[in-house]
1. Collect the residues in segment 25-50 that are within 12 Å of residue 10 (Cβ to Cβ) and assigned to a loop (DSSP other than H, G, I, E, B), keeping them in residue-number order.
2. When residues of segment 1-42 are filtered for being open to solvent by less than 70 Å² (accessible area, probe 1.4 Å) and not basic (Lys, Arg), how many remain?
3. Please list, ordered by first then second residue, the pairs with beta carbon atoms under 8 Å, 6 or more apart or interchain, first in segment 1-29 and small (Gly, Ala, Ser), second outside any loop (DSSP other than H, G, I, E, B) and open to solvent by 60 Å² or more (accessible area, probe 1.4 Å).
4. Identify all residues within segment 43-58 that are among the aromatic types (Phe, Trp, Tyr) and surrounded by 13 or more Cβ atoms within 10 Å (Cβ to Cβ); write none if there are none.
5. Take segment 54-64 and flag every residue that is closer than 18 Å to residue 22 by Cα, free of Cβ contacts under 8 Å to residues at least 40 places away in the same chain and outside any loop (DSSP other than H, G, I, E, B).
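The values are calculated or read from the model by the stated rules, or taken from the named source; none is laboratory data. Everything quoted here is computed from the prediction, not taken from an experiment. Cβ placement follows ideal geometry from the backbone for every residue including glycine, while neighbour counts extend to all protein chains displayed. Heavy atoms of the whole protein, side chains included, go into the accessibility calculation; ligands, DNA and RNA do not. Shrake-Rupley method; radii C 1.70, N 1.55, O 1.52, S 1.80 Å.
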Amino acid sequence: MPFRAPLTNHHADATPCPAAHRHTSSGKPLRADCPGRAYTQAVCSCGEWEMTGRAKGYVNECRRRHLADHAERPKVLRDLPGLDAS
């Protein structure tokens, strides 16, 4: 089963900012009833990784790198002769 690390946006009071709340790239709200995105968080289903930051793009990049690490074959398999496809 592949691991997942969904991105979630949060208001300054730590409440989730719903996907329906659209923002500018800087996190400013496009709706009058939204206080704005204060931070973005990604938590991996592996239970060993979590990232929180103000810059959504940076959190997303770290999330992608972490998920790519899961996609690599385990070192045990790479070390067996004749099984390394690279």
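1. Answer for segment 25-50, where residues must be within 12 Å of residue 10 (Cβ to Cβ) and assigned to a loop (DSSP other than H, G, I, E, B): 27, 34, 35, 36, 37, 38.
2. Selection size over segment 1-42: 24.
3. From residues that are small (Gly, Ala, Ser), the pairs are 5/43; 27/56.
4. Result: 49, single match.
5. Residue satisfying the conditions is 57 alone.
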